[in-house]
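Note sheet for the following structure.
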Amino acid sequence: MQALEGIKILDFTHVQSGPSCTQLLAWFGADVIKVERPGAGDATRDQLQDVPGADSLYFTMLNHNKRSITLDTKTPEGLAVLWRLVAECDVLVENFAPGALARMGLTWETIHAANPRMILASVKGFGPGDYEHCKVYENVAQCVGGAASTTGFRTGTPMVTGAQIGDSGTGLHLALGIVTALYQRTHSGLGQRVDCAMQDAVLNLCRVKLRDQQRLERGPLKEYSQFGEGIPFGDAVPRAGNDSGGGQPGRILKCKGWETDPNAYLYFITQGPVWEKICDLIGEPDWKTHPDYATPKARLPHLNEIFTRIEAWTMARTKFEAMEALNALHIPCGPILSMKEIAEDEGLRASGAIVEVEHPARGRYLTVGNPIKLSASPTAVTRSPLLGEHTDEILRDVLGYSPAECEALARSGAIGAPLGVAAE
Ligand code: COA
């Protein structure tokens, strides 16, 4: 038995934010029924395609453990099936542009009237306000949520991060909202709306920068490199390069081989309690008692000098040698792992962080496993569905359509390909 077994999700999501949420719910055992437009499906199926004729990795890596039904919800017959799904399911998840669901006739009021227990979960770019009607993609969310203005180097342009904090970050928030609403329903017997704005989700992940904005009003941010460099602060939180966002100063330092390997680097943290060990390790035992280096506060104006000295030590070792030596002394650090190193990491495969999946059109591929491990609800990652692969069985088994009704639907064109023939 899995944690969400018995919960049916009407998955009306596309691209990344919504699908990342429903994939998590599927991994916890919910029956996730993905509704897709006949003939086309989720736009990501053919975005960044690497194997001709096969669903892209973009799609497959966001839609595991789901079923797919094709339905043209702009036809009366298709819309009628959608309403049958609303009556049957526990949660409707959608991330269409603002207003799209209402244009199909699905408002909170009509959904709640049809199925009072249904939870309606939506991702939009912005919450209520001036921008609520705007369409939003990942990098837009990173820009308006405070991530871009605080990422990168002080003298460079704002930067977006490789982590999809706008899309998958919002999907994670939405999934928590959904299971929370499911729990409240066990008491109230009623569904509710769950709304997550991408701007808000990114901001939630950038909270330390809102912290710094308020600290800045009371004086310079002394743990930022520019403080030690004597560069004055403006009125907004600056980009801090690779300075640590927490109270323990850290930097990315070169390791042996950095001249040719773009990832021969290590993140080094000068954590207070291990400072004396660091001094011994790098051959500066006098720094343990020197007034400029002995305390975390005294060290702040000297961070550039300190990290330059530590880097002389890291540059004499590979990132893995440095990691081993530092961890032996409980000094926190992190080698900069390339995606190639991560993909080939046996330990990550053994733990299920990375899994290999077989797909009928593309063969074997790697994907990310469920990072949330429930001891009584283990996740087995299964491949994403082909477009419309489960149309027939969902109509029959979930909605109870008779063979004659299924035939009539097929003739209407509302479900696309003939029954039993999954489009590829
Ligand atoms: N059958 C018929 N029509 C369907 C359908 C189906 N099965 N599924 C969707 N559609 C239609 C909708 O009714 C809508 O049509 P309408 O605009 O005529 O009412 C349309 O497809 C949905 O389009 P939209 O959401 O506007 O897609 P888009 O490609 O233009 O925009 C986004 C994509 C992501 C920018 C937009 O959906 C958005 O801003 N979403 C909210 C924020 C978000 O999640 N962004 C991150 C995505 S990773």
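Among the listed residues Cys134, Cys143, identify the single one that is under 30 Å from Leu221 (Cα atoms) and either surrounded by fewer than 20 Cβ atoms within 10 Å (Cβ to Cβ) or without any contact (Cβ under 8 Å) to a residue 24 or more places away in the chain (or both). When all the criteria are applied, what remains is Cys143. Of the listed requirements (1) farther than 30 Å from Asp243 by Cα; (2) loosely packed, with under 14 Cβ neighbours inside 10 Å, Leu82 misses just one: (2).
Can you pull out the residues in segment 10-48 that are assigned to a loop (DSSP other than H, G, I, E, B) and either more than 15 Å from the ligand (Cβ to nearest atom) or hydrophobic (A, V, I, L, M, F, W, C) (or both)?
Val15, Phe28, Gly29, Ala30, Ala40, Leu48 - these are the residues of segment 10-48 that are assigned to a loop (DSSP other than H, G, I, E, B) and either more than 15 Å from the ligand (Cβ to nearest atom) or hydrophobic (A, V, I, L, M, F, W, C) (or both).
Based on what the data block shows, is Asp31 open to solvent by 30 Å² or more (accessible area, probe 1.4 Å) and either without any contact (Cβ under 8 Å) to a residue 12 or more places away in the chain or within 18 Å of His390 (Cα to Cα) (or both)?
Criteria met by Asp31.
The residues of segment 106-135 that are basic (Lys, Arg) and within 16 Å of Val194 (Cβ to Cβ), listed by number, are Arg117, Lys124. Residues that are of a type in the set (Val, Ile, Thr) and within 30 Å of Gln213 (Cβ to Cβ) number at least 3 in the following helices (runs of 4 or more DSSP H) confined to segment 229-329: 303-314.
Return the residue satisfying two criteria in turn: it lies in segment 151-178 and is polar (S, T, N, Q) and either in a loop (DSSP other than H, G, I, E, B) or open to solvent by less than 20 Å² (accessible area, probe 1.4 Å) (or both), and of such residues it is farthest from the ligand (Cβ to nearest atom). Step by step, filter segment 151-178, then rank; the result is Thr155.
Candidates are the residues of segment 81-122 that are free of Cβ contacts under 8 Å to residues at least 60 places away in the same chain and among the small types (Gly, Ala, Ser); the one that is farthest from the ligand (Cβ to nearest atom) is Ala113.
Looking at segment 49-71 only, could you name the residues that are in a loop (DSSP other than H, G, I, E, B), buried (at least 22 other Cβ atoms within 10 Å of the Cβ) and either free of Cβ contacts under 8 Å to residues at least 24 places away in the same chain or within 12 Å of the ligand (Cβ to nearest atom) (or both)? Outline the logic, then answer.
From segment 49-71, those in a loop (DSSP other than H, G, I, E, B) are 49-56, 61-65, 71; that's our starting set.
When the remaining residues are screened for being buried (at least 22 other Cβ atoms within 10 Å of the Cβ), the result is 55, 62-65, 71.
Passing the criteria: Leu62, Leu71.
Within segment 253-290, the set of residues being open to solvent by less than 30 Å² (accessible area, probe 1.4 Å) and more than 11 Å from Met315 (Cα to Cα) comprises Phe268, Thr270, Gly272, Val274, Trp275, Ile278, Cys279, Ile282, Trp287.
The values are calculated or read from the model by the stated rules, or taken from the named source; none is laboratory data. Here the structure is a predicted model, which means the values were calculated and not measured. Don't worry about glycine lacking a Cβ; one is built from the backbone with ideal geometry, like all the others, and counts go over all protein chains shown. Keep in mind that these areas ignore ligands, DNA and RNA; they rest on the heavy atoms of the full protein, side chains included. Shrake-Rupley method; radii C 1.70, N 1.55, O 1.52, S 1.80 Å.
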